[in-house]
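Read the figures in this text as sums done on the coordinates, not as results from a lab. Because the structure is predicted, anything quoted here is derived from the model rather than measured. Cβ placement follows ideal geometry from the backbone for every residue including glycine, while neighbour counts extend to all protein chains displayed.
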Amino acid sequence: MKIVDPVKTLQAKFADGLIDVDERSSARVYVSIDPARVTDIVRFLFEDLGARFIIATCLETRAGMEILYHFSFDSLGVLVSLRAVVPMPEPRIDSVSPIVDGAEYIEREIADLFGVEFVGHPNPVRFLLADDWPEGVYPYRKEYKGQYPYRTEEELEEVREQIRQRGTK
Amino acid sequence: MKTTIPVGPYHPLIEEPELFRVVVEGERVVDIDWRTSYMHRGIEKIAESKTYDQIVFLVERICGICSTSHPIAFCNAVEDLTGTRIPERAKYIRSVVAELERIHSHLLWFGLAGHYIGYHTVWMWSWKYRELVCDLFERISGNRQSYAMLKPGGVRQDIKPSEYKGIMAAMDELEPKMNMFIGAVLDDPVILARLKGVGNLSREDAIKRCTVGPVARSAGVDIDVRRDYPYAAYDQVSWDVITQTGGDVLAMAVVRLLEILESIKIIRQCIDQMPEGPLTEEILEVLPGEGIGIEEAPRGECFHYVRSNGTKVPDRVKVRAPTYSNLPSFRSRFIGERVADIMIILASIDPCYCCTNRIVRIENGTSVQTFDEKALLEMSWERTKALEKGLSHTAGRLLKL
């Protein structure tokens, strides 16, 4: 499919899914989307328009967890960033990994560091955090001030025993 | 019978220790899984407490080999965020530094690739020529690595006109040697037998798995940030994007070797056309907003995202190094390959080198044999030797050259 203006194409296709389109410059476009429509829009960009998925970015704002999906139209030199804001305290969004293979790791990373749940992720296991990192502590959130959960020697031994029993796969 | 070989967590080839679980049946690989972050440094989190000028030094330390790629990407992001247009001379200096770095990085990779397949002549040659570039860097910036040339809005140090002659002389010395080197390497039947058709990556897979840089270009995906999103002085000089087909290790080697020649071309033109003028454009304030900076590092596209809240420190910095995008391609490339080829396929995407390593062979859940880097290298070398025997009439041609 030959595309001339990806933003116009996107606007025509998803009139209801787009909240705001901000064409910052000829090479940078930020599109706010309805989080519920993320898989449809990503599928359209990646499969139909042939955009390359660069990476996703997550950051914590007052409105909630803001997830940006950066796509590149290399032949046009246009970078389209989809912005989906998911509300706290339980941020949750559909996973795009079943569509975009290259999104699997970054979604696991965001789940580890920001505690965003990606619904339908094919392999939702830890990616960055250590095996003995406690549940519910998300190091890249603003509330986290760099404290590693302190453990006594007995507690450490307990963790070691757990890891021993689990074994290496 | 299926056997799992964990490669890592202290890994022979990748800069950050990571664990590959390679499932093999006999000699052939049937599956691969990946686990990382044994050495996560939290640079993105640290960046949230540093000023924009300081972060340039911080991101320079993400990678020791491509130590100018991350600063360029970050500066691009800050300039995108503030709408700064950098002076012409700064653009040219950035291009010269980035291309010199590409030459030394590709030569470093080729030397290591030669080492992994047991071709130590290639290794020594490649690193010998790399010294030319490292010496140039020392003259220009005072450092062989981590040059600290960049700052948001321009460059920190000038390349003095008195240095032009030395740079041109080094390029003149390097070019014929590179031509000879490329000819010798691509002519060698044993190297061809070791690299050709190993770790194939189809164009569809390269696109589907979102690969970037030389990995994507070797599979026939025509992308290059320098051309698609021009930054520095790349839109003012003439050069070509190198692509190959097949996506095997040989295609990747060819892409990298030919890119060295393109880099030499770019550096010559930049020095010839180097305009006079100031080195930096002052950035007085950073308003709330966001910016994206991308840069073609030697290993592929390097991506930085910066969100500002109007204070002197950013709200969020996101860094995506090229290897992150290239690792998923292993899934396509490993299946069906030989264990002896693991080393060269892992090396082919040019991950950076890390300290120690160990490989344990596990059968039925218990460790029966521990391979270290030496053992794995010997397996790889044995295969080269066996090939050499089979091709004895042509073997050793490289040594005679």
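Counts of other chain beta carbons within 10 angstrom of each beta carbon in peptide B:302-313 average 2. For chain A, the longest principal axis of the Cα atoms and the long axis of helix A:104-114 meet at an angle of about 60 degrees.
Considering Cα pairs under 8 angstrom that are at least six residues apart, work out the relative contact order of the range B:91-200 and quote it in whole percent.
Value for the range B:91-200: 20 percent.
Every pair of different Cα atoms in chain A enters the Kirkwood calculation, which places the hydrodynamic radius at 17.7 Å. In degrees between 0 and 90, to the nearest 10, how far off the longest principal axis of chain B does helix B:88-116 point, with axes built from Cα atoms? Between helix and principal axis, roughly 10 degrees. In chain B, Cα pairs under 8 Å separated by at least six residues give a relative contact order of 27 percent.
Rounded to the nearest Hz, the phi-derived 3J(HN,Hα) couplings of the range B:317-326 under the Karplus curve 6.51 cos²θ - 1.76 cosθ + 1.60 (θ = phi - 60°) are 10, 10, 10, 10, 7, x, 4, 4, 7, 8, where x marks glycine and proline.
Rounded to the nearest whole angstrom, the semi-axes of the ellipsoid equivalent to the range B:181-308, taken from the Cα gyration tensor as √(5λ), stand at 33, 21, 10, largest first.
Counting only other chain Cβ atoms within 10 Å of each residue's Cβ, the peptide A:66-78 averages 4. What the phi angles of the range B:40-54 give under the Karplus curve with 6.51, -1.76 and 1.60, with θ = phi - 60°, is a coupling list of 5, 9, x, 4, 5, 6, 4, 4, 5, 10, 10, 7, 4, 5, 5 Hz, glycine and proline written as x.
Taking label points 7 Å from Cα along the Cα-to-Cβ direction, B:Asp53 and B:Glu131 give a separation of 3.8 nm. Look at the dipole of the protein assembly as shown built from charges on Cβ: of B:Ile62, A:Ser25, A:Thr152, the Cα furthest out on the positive end belongs to B:Ile62. The Cβ shell under 10 Å around B:Ala340 holds other residues with a net charge of -2, Lys and Arg each +1, Asp and Glu each -1.
Taking the charge dipole of chain B about its Cα centre, with +1 at Lys and Arg Cβ atoms and -1 at Asp and Glu Cβ atoms, the residue from B:Phe303, B:Tyr129, B:Ala98 reaching farthest to the positive side is B:Tyr129.
Converting phi to 3J(HN,Hα) with the Karplus coefficients 6.51, -1.76 and 1.60 and the offset θ = phi - 60°, the range B:149-156 yields 8, 9, 8, x, x, x, 10, 7 Hz in sequence order, with x at every glycine or proline. Amide H contacts under 5 Å for B:Ser146: B:Ser67, restricted to partners 5 or more places along the chain or on a different chain, H placed in the peptide plane at 1.01 Å from N. Going from the residue with the fewest nearby Cβ atoms within 10 Å to the one with the most, B:Tyr129, A:Tyr144, B:Tyr52 rank A:Tyr144, B:Tyr129, B:Tyr52.
When chain A is treated as a GNM with alpha-carbon contacts under 10 Å, the residue of A:Val85, A:Val29, A:Val159 showing the greatest mean-square fluctuation is A:Val159.
Each peptide among B:293-301, B:214-222, B:315-323, B:187-195 gets the average number of other Cβ atoms lying within 10 Å of its residues, and from highest to lowest they stand as B:293-301, B:214-222, B:315-323, B:187-195. Amide H contacts under 5 Å for B:Gly199: none, restricted to partners 5 or more places along the chain or on a different chain, H placed in the peptide plane at 1.01 Å from N. Relative contact order of the range A:33-136: 23 percent, from C-alpha pairs under 8 Å at least 6 residues apart in sequence. Summarising the label geometry, the points placed 7 Å from Cα in the beta-carbon direction at A:Phe14 and A:Gln165 lie 4.5 nm from one another.
Label-to-label distance for A:Glu143 and B:Lys45 is 1.5 nm, based on points extended 7 Å past Cα in the beta-carbon direction. Mean residue ellipticity, 222 nm, helices only, chain B: the sum of -39500 (n - 2.57) across DSSP H runs of n ≥ 4, divided by residue count and rounded to 500, is -15000 deg cm²/dmol. Rounded to the nearest 10 degrees, the inclination of helix B:69-82 to the longest alpha-carbon principal axis of chain B is 40 degrees.
Each Lys or Arg adds one and each Asp or Glu takes one away; over the other residues whose Cβ falls under 11 Å from the Cβ of A:Glu107, this sums to -4.
Here's how it looks for B:Ile32: its modeled amide H is under 5 Å from those of B:Val23, which are all 5 or more places away or on a different chain. Taking a sphere under 15 Å around the Cβ of A:Lys145 and counting the other residues whose Cβ falls inside, with K and R at +1 and D and E at -1, yields a net charge of 0. With equal scatterers on the alpha carbons only and no solvent term, can you work out the Debye log10 of I(q)/I(0) for the range A:1-92 at 0.12, 0.19, 0.25 1/Å? Taking Cα atoms of the range A:1-92 as identical point scatterers yields -0.34, -0.85, -1.41.
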